[in-house]
Amino acid sequence: MDMKQKFGLIPANRGFFSDELAAKMRGETIEAMRKAGMEVVVPDEKLTKIGCVETLEEAEKTAKLFNDNGVIGIVVAAVNFGEEQAVAWTIKESGLNVPIFIFGCQEEETLTPNTPRRDSFCGLLSIGEVLRQIGAKYTVAQNPICFPRVPLFVEDLRKFAAVCRVVTGVSSARYGQIGARPDSFWTCRFDEKSLQRLGVTTVTIDLSEVIGAIERMKDDSDVKRKIEDIKNYCSTDDIPDSALSKIARFELFVERFAEEKNLDALAIQCWTSLQENLGMCSCATMSRLGNKGIPCACESDIMGTLSMHALHLASQAPAGLADWNNQHNDDPDLVNVWHCGVFPAYFAQSKPKMGVQEIIAGSVGRKNACGVIEFEMKTGPITLFRATQDGEGFFKSVIVEGNVEKNTSKTFGAYGWCRISNLTNIYRDILLRHFPHHVGFTAGNVADILWEAFGNYFGFDVYAPNQKVPGMWTPENPFRK
(Lines give C-alpha, C1' and ligand atoms only; values in the text may rest on other atoms or scores of the structure.)
Protein backbone atom coordinates (compact mmCIF):
# COMPACT_ATOMS: atom_id res chain seq x y z
CA MET A 1 0.00 0.00 0.00
CA ASP A 2 1.16 3.51 -0.81
CA MET A 3 1.70 5.66 2.26
CA LYS A 4 0.13 8.64 0.45
CA GLN A 5 -3.55 7.78 0.83
CA LYS A 6 -6.44 10.11 1.54
CA PHE A 7 -7.26 11.24 5.07
CA GLY A 8 -10.13 13.50 6.04
CA LEU A 9 -9.62 16.49 8.30
CA ILE A 10 -12.41 17.99 10.43
CA PRO A 11 -11.23 21.36 11.80
CA ALA A 12 -13.85 21.63 14.56
CA ASN A 13 -14.78 25.26 15.15
CA ARG A 14 -17.16 27.04 17.54
CA GLY A 15 -18.36 30.53 16.65
CA PHE A 16 -17.75 32.08 20.07
CA PHE A 17 -14.01 31.86 19.46
CA SER A 18 -11.54 33.63 17.17
CA ASP A 19 -11.89 32.67 13.49
CA GLU A 20 -8.36 33.91 12.93
CA LEU A 21 -6.89 31.53 15.52
CA ALA A 22 -9.05 28.69 14.21
CA ALA A 23 -7.84 29.24 10.63
CA LYS A 24 -4.25 29.34 11.83
CA MET A 25 -4.50 25.90 13.48
CA ARG A 26 -6.37 24.52 10.48
CA GLY A 27 -3.43 25.52 8.31
CA GLU A 28 -0.85 24.08 10.72
CA THR A 29 -2.74 20.78 10.89
CA ILE A 30 -2.87 20.48 7.09
CA GLU A 31 0.87 21.14 6.90
CA ALA A 32 1.59 18.54 9.60
CA MET A 33 -0.54 15.93 7.84
CA ARG A 34 1.30 16.53 4.59
CA LYS A 35 4.64 16.19 6.41
CA ALA A 36 3.39 12.81 7.62
CA GLY A 37 2.84 11.75 4.00
CA MET A 38 -0.94 12.10 4.01
CA GLU A 39 -3.09 13.41 1.19
CA VAL A 40 -5.47 15.76 3.01
CA VAL A 41 -9.17 15.99 2.21
CA VAL A 42 -10.58 19.06 3.98
CA PRO A 43 -13.33 21.58 3.22
CA ASP A 44 -12.04 24.82 1.73
CA GLU A 45 -13.21 28.36 2.42
CA LYS A 46 -15.74 28.11 -0.43
CA LEU A 47 -17.42 25.03 1.03
CA THR A 48 -17.54 26.11 4.70
CA LYS A 49 -16.77 29.22 6.71
CA ILE A 50 -12.94 29.56 6.93
CA GLY A 51 -12.68 25.90 5.82
CA CYS A 52 -13.74 24.63 9.26
CA VAL A 53 -16.78 22.64 10.42
CA GLU A 54 -19.28 24.19 12.80
CA THR A 55 -22.88 23.83 11.60
CA LEU A 56 -24.85 20.72 10.68
CA GLU A 57 -25.01 21.96 7.08
CA GLU A 58 -21.20 22.21 7.01
CA ALA A 59 -21.01 18.75 8.58
CA GLU A 60 -23.13 17.26 5.80
CA LYS A 61 -21.03 18.94 3.11
CA THR A 62 -17.83 17.62 4.74
CA ALA A 63 -19.27 14.12 5.13
CA LYS A 64 -20.03 14.02 1.39
CA LEU A 65 -16.52 15.29 0.63
CA PHE A 66 -15.00 12.45 2.69
CA ASN A 67 -17.27 9.84 1.16
CA ASP A 68 -16.63 10.99 -2.39
CA ASN A 69 -12.87 10.79 -1.82
CA GLY A 70 -12.83 7.43 0.00
CA VAL A 71 -10.74 8.55 2.96
CA ILE A 72 -9.21 5.72 5.03
CA GLY A 73 -8.93 7.72 8.25
CA ILE A 74 -10.28 10.94 9.80
CA VAL A 75 -8.35 13.51 11.84
CA VAL A 76 -10.43 15.69 14.18
CA ALA A 77 -8.70 18.92 15.16
CA ALA A 78 -10.34 20.93 17.93
CA VAL A 79 -8.98 24.24 16.63
CA ASN A 80 -10.82 25.78 19.58
CA PHE A 81 -13.52 24.33 21.85
CA GLY A 82 -15.10 22.91 18.71
CA GLU A 83 -18.70 22.08 17.93
CA GLU A 84 -19.02 18.46 19.04
CA GLN A 85 -22.35 17.86 17.27
CA ALA A 86 -20.84 18.91 13.95
CA VAL A 87 -17.97 16.44 14.46
CA ALA A 88 -20.34 13.60 15.29
CA TRP A 89 -22.67 14.44 12.40
CA THR A 90 -19.82 14.57 9.88
CA ILE A 91 -18.63 11.12 10.89
CA LYS A 92 -22.14 9.65 11.10
CA GLU A 93 -23.29 11.06 7.76
CA SER A 94 -20.11 10.00 5.95
CA GLY A 95 -21.01 6.36 6.58
CA LEU A 96 -17.30 5.60 6.81
CA ASN A 97 -16.23 3.06 9.42
CA VAL A 98 -12.60 4.21 9.56
CA PRO A 99 -10.14 5.04 12.36
CA ILE A 100 -10.44 8.51 13.89
CA PHE A 101 -7.63 10.57 15.43
CA ILE A 102 -8.51 13.41 17.83
CA PHE A 103 -6.45 16.22 19.32
CA GLY A 104 -6.88 19.81 20.51
CA CYS A 105 -4.78 22.88 19.79
CA GLN A 106 -2.75 24.57 22.51
CA GLU A 107 -3.33 28.15 23.67
CA GLU A 108 -1.15 30.77 22.01
CA GLU A 109 -0.12 32.49 25.24
CA THR A 110 -0.74 32.72 28.96
CA LEU A 111 -4.41 33.41 29.61
CA THR A 112 -5.61 36.80 30.80
CA PRO A 113 -9.16 38.21 30.83
CA ASN A 114 -8.46 39.81 27.45
CA THR A 115 -6.50 36.97 25.79
CA PRO A 116 -8.01 35.34 22.66
CA ARG A 117 -8.50 31.76 23.75
CA ARG A 118 -9.29 28.31 22.38
CA ASP A 119 -10.41 26.17 25.34
CA SER A 120 -9.59 23.04 23.30
CA PHE A 121 -8.64 21.26 26.52
CA CYS A 122 -12.30 21.35 27.51
CA GLY A 123 -13.82 20.95 24.06
CA LEU A 124 -11.86 17.80 23.22
CA LEU A 125 -13.56 16.03 26.12
CA SER A 126 -16.95 16.89 24.61
CA ILE A 127 -15.84 15.62 21.21
CA GLY A 128 -14.67 12.35 22.73
CA GLU A 129 -17.98 11.96 24.52
CA VAL A 130 -20.16 12.45 21.43
CA LEU A 131 -18.01 9.98 19.51
CA ARG A 132 -18.70 7.49 22.27
CA GLN A 133 -22.42 8.21 21.98
CA ILE A 134 -22.48 7.39 18.25
CA GLY A 135 -20.32 4.30 18.80
CA ALA A 136 -17.23 5.64 17.00
CA LYS A 137 -13.84 4.38 18.19
CA TYR A 138 -11.00 6.87 18.19
CA THR A 139 -7.28 7.31 18.72
CA VAL A 140 -5.87 9.99 21.02
CA ALA A 141 -2.60 11.82 20.32
CA GLN A 142 0.25 11.09 22.74
CA ASN A 143 0.05 14.74 23.77
CA PRO A 144 -3.69 15.41 23.27
CA ILE A 145 -3.33 19.23 23.49
CA CYS A 146 -0.48 20.53 21.36
CA PHE A 147 0.59 22.65 18.42
CA PRO A 148 0.40 20.64 15.17
CA ARG A 149 3.82 21.93 14.17
CA VAL A 150 5.69 19.96 16.86
CA PRO A 151 7.64 16.82 15.72
CA LEU A 152 5.83 14.50 18.17
CA PHE A 153 2.50 15.35 16.54
CA VAL A 154 3.82 14.54 13.05
CA GLU A 155 5.15 11.24 14.44
CA ASP A 156 1.68 10.51 15.86
CA LEU A 157 0.14 11.16 12.46
CA ARG A 158 2.57 8.78 10.76
CA LYS A 159 1.65 6.08 13.25
CA PHE A 160 -2.05 6.81 12.79
CA ALA A 161 -1.62 6.45 9.03
CA ALA A 162 -0.08 3.03 9.68
CA VAL A 163 -3.00 2.10 11.95
CA CYS A 164 -5.37 3.07 9.13
CA ARG A 165 -3.41 0.93 6.66
CA VAL A 166 -3.70 -2.08 8.97
CA VAL A 167 -7.40 -1.60 9.73
CA THR A 168 -8.34 -0.88 6.12
CA GLY A 169 -6.10 -3.61 4.71
CA VAL A 170 -7.08 -6.42 7.07
CA SER A 171 -10.80 -5.61 7.15
CA SER A 172 -11.03 -5.96 3.37
CA ALA A 173 -8.35 -8.64 2.88
CA ARG A 174 -8.49 -11.62 0.55
CA TYR A 175 -6.25 -14.54 1.54
CA GLY A 176 -5.58 -17.46 -0.74
CA GLN A 177 -5.45 -20.91 0.87
CA ILE A 178 -3.62 -23.35 -1.40
CA GLY A 179 -4.29 -26.82 -0.05
CA ALA A 180 -5.48 -28.09 3.31
CA ARG A 181 -3.42 -27.71 6.46
CA PRO A 182 -1.23 -30.71 7.30
CA ASP A 183 -3.34 -33.14 9.32
CA SER A 184 -0.74 -33.17 12.11
CA PHE A 185 -1.06 -29.41 12.69
CA TRP A 186 -4.24 -28.70 14.63
CA THR A 187 -2.42 -25.51 15.59
CA CYS A 188 -3.31 -24.14 12.11
CA ARG A 189 -7.07 -24.55 12.52
CA PHE A 190 -9.24 -21.45 12.21
CA ASP A 191 -12.89 -20.42 12.08
CA GLU A 192 -13.47 -19.15 8.55
CA LYS A 193 -16.95 -17.75 9.32
CA SER A 194 -15.67 -15.66 12.24
CA LEU A 195 -12.85 -14.40 10.07
CA GLN A 196 -15.33 -13.35 7.40
CA ARG A 197 -17.19 -11.24 9.98
CA LEU A 198 -13.91 -9.45 10.62
CA GLY A 199 -13.85 -8.64 6.89
CA VAL A 200 -11.38 -11.27 5.68
CA THR A 201 -12.34 -13.49 2.74
CA THR A 202 -10.59 -16.84 2.32
CA VAL A 203 -10.19 -18.03 -1.27
CA THR A 204 -9.43 -21.76 -1.48
CA ILE A 205 -7.99 -24.06 -4.11
CA ASP A 206 -7.27 -27.77 -3.84
CA LEU A 207 -3.63 -28.77 -4.14
CA SER A 208 -4.48 -31.34 -6.81
CA GLU A 209 -5.52 -28.51 -9.14
CA VAL A 210 -2.19 -26.80 -8.57
CA ILE A 211 -0.15 -29.95 -9.17
CA GLY A 212 -2.10 -30.78 -12.32
CA ALA A 213 -1.65 -27.28 -13.73
CA ILE A 214 2.10 -27.32 -13.07
CA GLU A 215 2.56 -30.73 -14.68
CA ARG A 216 0.77 -29.45 -17.80
CA MET A 217 2.86 -26.28 -17.93
CA LYS A 218 5.65 -26.20 -20.53
CA ASP A 219 9.13 -24.80 -20.03
CA ASP A 220 8.32 -21.74 -22.13
CA SER A 221 9.95 -18.30 -22.13
CA ASP A 222 8.06 -17.28 -18.98
CA VAL A 223 9.45 -20.27 -17.09
CA LYS A 224 12.98 -19.63 -18.34
CA ARG A 225 12.83 -15.98 -17.28
CA LYS A 226 11.54 -17.04 -13.89
CA ILE A 227 14.46 -19.47 -13.46
CA GLU A 228 16.95 -16.69 -14.20
CA ASP A 229 15.17 -14.41 -11.75
CA ILE A 230 15.40 -17.11 -9.06
CA LYS A 231 19.13 -17.51 -9.72
CA ASN A 232 19.59 -13.79 -9.18
CA TYR A 233 17.64 -13.99 -5.93
CA CYS A 234 19.66 -16.78 -4.35
CA SER A 235 22.54 -19.16 -5.02
CA THR A 236 21.24 -22.27 -6.77
CA ASP A 237 24.56 -24.06 -7.39
CA ASP A 238 23.43 -27.26 -5.64
CA ILE A 239 19.96 -27.45 -7.19
CA PRO A 240 19.33 -29.56 -10.34
CA ASP A 241 17.72 -27.88 -13.36
CA SER A 242 14.73 -30.22 -13.16
CA ALA A 243 13.91 -28.97 -9.64
CA LEU A 244 14.38 -25.32 -10.66
CA SER A 245 11.93 -25.81 -13.51
CA LYS A 246 9.27 -27.14 -11.12
CA ILE A 247 9.89 -24.32 -8.65
CA ALA A 248 9.63 -21.70 -11.42
CA ARG A 249 6.39 -23.20 -12.73
CA PHE A 250 4.93 -23.32 -9.23
CA GLU A 251 5.79 -19.66 -8.68
CA LEU A 252 4.18 -18.65 -11.96
CA PHE A 253 1.01 -20.54 -11.06
CA VAL A 254 0.80 -18.94 -7.60
CA GLU A 255 1.44 -15.46 -9.00
CA ARG A 256 -1.30 -15.89 -11.59
CA PHE A 257 -3.69 -17.31 -9.00
CA ALA A 258 -3.03 -14.34 -6.69
CA GLU A 259 -3.57 -11.86 -9.52
CA GLU A 260 -6.72 -13.55 -10.81
CA LYS A 261 -8.31 -13.72 -7.34
CA ASN A 262 -7.02 -10.29 -6.23
CA LEU A 263 -5.26 -11.76 -3.20
CA ASP A 264 -3.38 -9.78 -0.54
CA ALA A 265 -1.57 -12.76 0.98
CA LEU A 266 -1.44 -16.55 0.93
CA ALA A 267 -1.21 -19.70 3.02
CA ILE A 268 0.19 -22.83 1.36
CA GLN A 269 0.18 -26.53 2.21
CA CYS A 270 3.95 -26.79 2.02
CA TRP A 271 4.42 -30.47 3.01
CA THR A 272 4.45 -33.31 2.12
CA SER A 273 2.12 -33.59 -0.85
CA LEU A 274 4.17 -31.21 -3.00
CA GLN A 275 7.30 -33.22 -2.31
CA GLU A 276 5.69 -36.61 -2.89
CA ASN A 277 3.61 -35.68 -5.96
CA LEU A 278 5.64 -32.93 -7.59
CA GLY A 279 9.14 -33.39 -6.19
CA MET A 280 9.82 -29.85 -4.90
CA CYS A 281 9.37 -27.45 -1.97
CA SER A 282 7.21 -24.33 -2.16
CA CYS A 283 9.51 -22.36 0.16
CA ALA A 284 11.39 -20.41 -2.54
CA THR A 285 8.14 -19.15 -4.03
CA MET A 286 6.85 -18.16 -0.61
CA SER A 287 10.09 -16.34 0.21
CA ARG A 288 10.12 -14.48 -3.10
CA LEU A 289 6.46 -13.42 -2.99
CA GLY A 290 6.92 -12.26 0.60
CA ASN A 291 9.89 -10.21 -0.51
CA LYS A 292 7.58 -8.46 -3.02
CA GLY A 293 4.99 -7.65 -0.36
CA ILE A 294 2.67 -10.66 -0.74
CA PRO A 295 3.06 -12.52 2.58
CA CYS A 296 2.91 -16.32 2.41
CA ALA A 297 2.34 -18.49 5.47
CA CYS A 298 3.47 -22.09 5.85
CA GLU A 299 1.23 -25.07 6.52
CA SER A 300 -1.96 -23.35 5.30
CA ASP A 301 -1.92 -21.24 8.46
CA ILE A 302 -4.49 -18.56 7.58
CA MET A 303 -4.25 -16.83 10.96
CA GLY A 304 -0.50 -16.76 10.39
CA THR A 305 -1.24 -15.12 7.04
CA LEU A 306 -3.33 -12.46 8.77
CA SER A 307 -0.50 -11.86 11.26
CA MET A 308 2.06 -11.41 8.47
CA HIS A 309 -0.25 -9.20 6.42
CA ALA A 310 -0.89 -6.90 9.40
CA LEU A 311 2.85 -6.65 10.09
CA HIS A 312 3.52 -5.82 6.45
CA LEU A 313 0.85 -3.11 6.45
CA ALA A 314 2.20 -1.62 9.69
CA SER A 315 5.86 -1.52 8.68
CA GLN A 316 5.57 -1.33 4.86
CA ALA A 317 8.40 -3.88 4.86
CA PRO A 318 8.28 -7.63 4.10
CA ALA A 319 7.00 -9.96 6.80
CA GLY A 320 7.96 -13.53 7.65
CA LEU A 321 6.41 -16.41 9.59
CA ALA A 322 8.63 -18.19 12.10
CA ASP A 323 8.57 -20.90 14.72
CA TRP A 324 9.34 -19.95 18.30
CA ASN A 325 12.04 -22.52 17.71
CA ASN A 326 14.70 -22.70 20.40
CA GLN A 327 15.71 -20.94 23.58
CA HIS A 328 19.48 -20.48 23.73
CA ASN A 329 21.04 -22.95 26.15
CA ASP A 330 23.30 -20.29 27.78
CA ASP A 331 21.16 -17.16 27.41
CA PRO A 332 17.51 -17.33 28.57
CA ASP A 333 16.59 -14.04 26.82
CA LEU A 334 17.66 -15.30 23.39
CA VAL A 335 15.25 -17.18 21.11
CA ASN A 336 15.94 -18.77 17.74
CA VAL A 337 13.37 -17.34 15.31
CA TRP A 338 13.43 -20.04 12.63
CA HIS A 339 11.71 -21.68 9.71
CA CYS A 340 12.92 -24.21 7.19
CA GLY A 341 13.46 -21.67 4.41
CA VAL A 342 10.59 -19.28 3.69
CA PHE A 343 11.85 -15.97 5.07
CA PRO A 344 12.00 -13.14 2.51
CA ALA A 345 15.56 -12.32 1.41
CA TYR A 346 14.98 -8.79 2.74
CA PHE A 347 16.00 -10.17 6.15
CA ALA A 348 19.22 -11.88 4.96
CA GLN A 349 22.62 -10.58 6.05
CA SER A 350 24.16 -12.00 2.83
CA LYS A 351 22.91 -13.55 -0.40
CA PRO A 352 20.65 -16.52 0.40
CA LYS A 353 21.30 -20.06 -0.76
CA MET A 354 18.72 -22.50 -2.05
CA GLY A 355 18.97 -25.85 -0.32
CA VAL A 356 17.17 -29.02 0.70
CA GLN A 357 14.49 -29.26 3.38
CA GLU A 358 16.53 -31.36 5.79
CA ILE A 359 13.67 -32.34 8.11
CA ILE A 360 11.49 -34.09 5.52
CA ALA A 361 14.26 -35.16 3.13
CA GLY A 362 14.59 -38.40 5.10
CA SER A 363 11.04 -39.44 4.28
CA VAL A 364 10.58 -38.05 0.74
CA GLY A 365 14.16 -38.19 -0.53
CA ARG A 366 16.60 -35.32 -0.98
CA LYS A 367 15.92 -34.94 -4.71
CA ASN A 368 12.25 -34.28 -3.91
CA ALA A 369 12.93 -31.74 -1.14
CA CYS A 370 14.78 -28.96 -2.99
CA GLY A 371 13.65 -25.35 -2.75
CA VAL A 372 14.20 -23.91 0.73
CA ILE A 373 15.87 -20.49 1.07
CA GLU A 374 18.61 -20.58 3.68
CA PHE A 375 20.31 -17.66 5.41
CA GLU A 376 21.08 -16.04 8.75
CA MET A 377 19.09 -12.90 9.49
CA LYS A 378 20.72 -9.49 9.60
CA THR A 379 20.81 -7.75 12.96
CA GLY A 380 18.32 -5.12 14.05
CA PRO A 381 14.96 -4.60 15.76
CA ILE A 382 11.95 -6.72 14.83
CA THR A 383 8.34 -6.89 15.95
CA LEU A 384 6.75 -10.32 16.48
CA PHE A 385 2.97 -10.62 16.24
CA ARG A 386 0.45 -13.44 16.27
CA ALA A 387 -3.31 -13.26 15.86
CA THR A 388 -5.37 -16.31 16.75
CA GLN A 389 -8.77 -17.46 18.00
CA ASP A 390 -9.81 -19.11 21.23
CA GLY A 391 -12.14 -22.11 21.50
CA GLU A 392 -15.22 -19.90 21.11
CA GLY A 393 -13.82 -18.13 18.05
CA PHE A 394 -12.93 -14.94 19.95
CA PHE A 395 -9.91 -13.14 18.51
CA LYS A 396 -6.76 -12.39 20.48
CA SER A 397 -3.17 -11.47 19.71
CA VAL A 398 0.31 -11.30 21.18
CA ILE A 399 2.82 -8.55 20.35
CA VAL A 400 6.50 -8.66 21.35
CA GLU A 401 9.42 -6.47 20.27
CA GLY A 402 12.94 -7.87 20.12
CA ASN A 403 16.31 -7.40 18.52
CA VAL A 404 18.12 -9.83 16.21
CA GLU A 405 21.80 -10.12 17.10
CA LYS A 406 24.84 -12.09 16.05
CA ASN A 407 25.52 -15.39 17.76
CA THR A 408 27.94 -18.25 17.25
CA SER A 409 25.12 -20.83 17.37
CA LYS A 410 24.22 -22.09 13.88
CA THR A 411 21.48 -24.19 12.33
CA PHE A 412 20.00 -24.91 8.89
CA GLY A 413 17.10 -23.14 7.19
CA ALA A 414 16.49 -19.40 7.71
CA TYR A 415 16.88 -18.07 11.21
CA GLY A 416 17.98 -15.31 13.56
CA TRP A 417 18.79 -15.11 17.24
CA CYS A 418 16.37 -12.60 18.75
CA ARG A 419 16.85 -11.02 22.16
CA ILE A 420 13.63 -10.52 24.10
CA SER A 421 13.74 -9.17 27.61
CA ASN A 422 12.17 -11.51 30.19
CA LEU A 423 11.70 -14.22 27.55
CA THR A 424 11.05 -17.11 29.96
CA ASN A 425 8.08 -15.39 31.60
CA ILE A 426 6.73 -14.26 28.22
CA TYR A 427 7.03 -17.81 26.88
CA ARG A 428 5.16 -19.10 29.93
CA ASP A 429 2.41 -16.53 29.37
CA ILE A 430 2.18 -17.47 25.67
CA LEU A 431 1.58 -21.07 26.78
CA LEU A 432 -1.01 -20.11 29.40
CA ARG A 433 -2.79 -17.75 27.03
CA HIS A 434 -2.93 -20.44 24.32
CA PHE A 435 -0.96 -19.03 21.40
CA PRO A 436 0.43 -21.38 18.72
CA HIS A 437 4.05 -22.04 17.73
CA HIS A 438 3.92 -19.83 14.60
CA VAL A 439 4.61 -16.10 14.95
CA GLY A 440 4.84 -13.39 12.29
CA PHE A 441 7.62 -10.83 12.28
CA THR A 442 8.75 -7.71 10.46
CA ALA A 443 11.58 -5.22 10.71
CA GLY A 444 11.39 -2.26 13.09
CA ASN A 445 9.23 -1.39 16.07
CA VAL A 446 5.52 -1.35 15.20
CA ALA A 447 4.03 -2.82 18.38
CA ASP A 448 2.05 0.30 19.28
CA ILE A 449 0.55 0.45 15.78
CA LEU A 450 -0.64 -3.15 16.03
CA TRP A 451 -1.87 -2.60 19.60
CA GLU A 452 -3.99 0.31 18.42
CA ALA A 453 -5.32 -1.42 15.31
CA PHE A 454 -6.18 -4.76 16.91
CA GLY A 455 -6.93 -3.72 20.49
CA ASN A 456 -8.93 -0.60 19.77
CA TYR A 457 -10.45 -0.91 16.31
CA PHE A 458 -10.77 -4.69 15.91
CA GLY A 459 -11.53 -5.37 19.58
CA PHE A 460 -8.99 -8.18 20.01
CA ASP A 461 -7.66 -9.10 23.43
CA VAL A 462 -4.06 -7.96 23.19
CA TYR A 463 -1.16 -9.37 25.20
CA ALA A 464 1.87 -7.09 24.88
CA PRO A 465 4.15 -7.90 27.81
CA ASN A 466 6.95 -5.43 27.11
CA GLN A 467 4.73 -2.41 26.56
CA LYS A 468 5.06 -0.26 29.68
CA VAL A 469 2.80 2.30 28.00
CA PRO A 470 0.47 0.58 25.53
CA GLY A 471 1.30 2.64 22.49
CA MET A 472 -1.32 5.14 21.34
CA TRP A 473 -4.19 3.13 22.80
CA THR A 474 -4.40 3.79 26.54
CA PRO A 475 -7.63 2.29 27.96
CA GLU A 476 -7.07 -0.92 29.89
CA ASN A 477 -8.26 -4.09 28.20
CA PRO A 478 -8.19 -7.02 30.68
CA PHE A 479 -7.03 -10.10 28.82
CA ARG A 480 -9.65 -12.82 28.47
CA LYS A 481 -8.37 -15.92 30.22
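A compact table of results
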| read-out | value |
| --- | --- |
| Rounded Å value of the spacing that divides the Cα centres of segment 79-111 and segment 1-47 | 11 |
| Net charge of Cβ neighbours under 11 Å - reference Pro318; Lys, Arg +1; Asp, Glu -1 | +2 |
| Full-stretch length increase - Lys6, Asp220 - with 0.36 nm per residue and alpha-carbon distance subtracted | 72.8 nm |
| Per-peptide average of other Cβ atoms within 10 Å, ordering 7-17, 95-105 highest first | 7-17, 95-105 |
| Largest to smallest accessible area among Phe454, Phe435 [probe 1.4 Å] | Phe435, Phe454 |
| Heavy atoms of Ile430 accessible to a 1.4 Å probe, total area in Å² rounded to 10 | 10 |
| Rounded to 10°, Cα long-axis angle of helix 151-171 versus longest principal axis of the chain | 60 |
| Neighbour cut-off at most 12 other Cβ (10 Å), DSSP loop, GluC sites (Glu not before Pro), segment 27-114 | Glu45, Glu109 |
| Relative packing of 68-80, 309-321, which averages over residues the other C-beta atoms within 10 Å, highest first | 309-321, 68-80 |
| Accessible area expressed per residue, segment 29-96, with surrounding protein chains retained (probe 1.4 Å, Å²) | 41 |
| Label point distance in nm, Ser184-Gln85, each placed 7 Å from Cα along Cα→Cβ | 6.6 |
| Spin-label pair Asn326/Lys367, simplified geometry with 7 Å Cα→Cβ offset, distance in nm | 3.0 |
| Accessible carbon and sulfur surface of the chain relative to its total accessible area, %, 1.4 Å | 48 |
| Cross-link pairs beyond the 31 Å C-alpha cut-off, checked among Lys218/Lys353; Lys137/Lys292; Lys137/Lys378; Lys231/Lys406 | Lys137/Lys292; Lys137/Lys378 |
| FRET efficiency, 1/(1 + (r/R0)^6) with R0 56 Å, evaluated for Arg433 and Ser235 via beta carbons | 0.85 |
| For segment 374-389, Karplus couplings with θ = phi - 60° (6.51, -1.76, 1.60), whole Hz, Gly/Pro x | 10, 5, 9, 6, 6, 6, x, x, 9, 10, 9, 8, 9, 9, 8, 10 |
| Protection proxy ranking, peptides 204-215, 416-427, 395-406, average beta carbon neighbours within 10 Å, highest first | 395-406, 416-427, 204-215 |
| Fraction of antiparallel bridges per DSSP, the chain only, in percent to nearest 5 | 50 |
| Radius 11 Å from Cβ of Ile268, net charge of other residues (Lys, Arg +1; Asp, Glu -1) | -1 |
| Charge dipole magnitude, Cβ of K and R +1, D and E -1 - segment 1-103, Cα centre, debye nearest 20 | 260 |
| Nitroxide proxy distance, nm - points 7 Å out along Cα→Cβ at Glu129 and Glu358 | 6.5 |
| Cα extents of the chain along the three principal axes, largest first (Å) | 85, 51, 42 |
| Computed over segment 347-442, Kirkwood Rh from alpha-carbon pairs, angstrom | 15.6 |
| FRET efficiency for Lys64 and Ser18, using Cβ-Cβ distance with R0 set to 30 Å, rounded to 0.05 | 0.60 |
| Accessible area per residue, Å², segment 262-410 with all protein chains present, probe 1.4 Å | 32 |
| Helix-only CD estimate at 222 nm, as mean residue ellipticity for the chain, using -39500 (n - 2.57) per DSSP H run (n ≥ 4) | -11500 deg cm²/dmol |
| Spatial separation of Cα centroids for segment 322-373 and segment 136-210, in angstrom | 26 |
| Exceeding the 18 Å Cα-Cα cut-off - candidates Lys224/Lys351; Lys64/Lys92; Lys24/Lys92; Lys24/Lys49 | Lys224/Lys351; Lys24/Lys92 |
| Long-range amide H partners of Ile145 with built H, under 5 Å | Gly104 |
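The values are calculated or read from the model by the stated rules, or taken from the named source; none is laboratory data. Because the structure is a prediction, the values reported are computed rather than measured. All Cβ positions, glycine included, derive from the backbone under ideal geometry; neighbour counts span all protein chains shown. Surface accessibility is based on the protein's heavy atoms, side chains included, excluding ligands, DNA and RNA. Shrake-Rupley method; radii C 1.70, N 1.55, O 1.52, S 1.80 Å.
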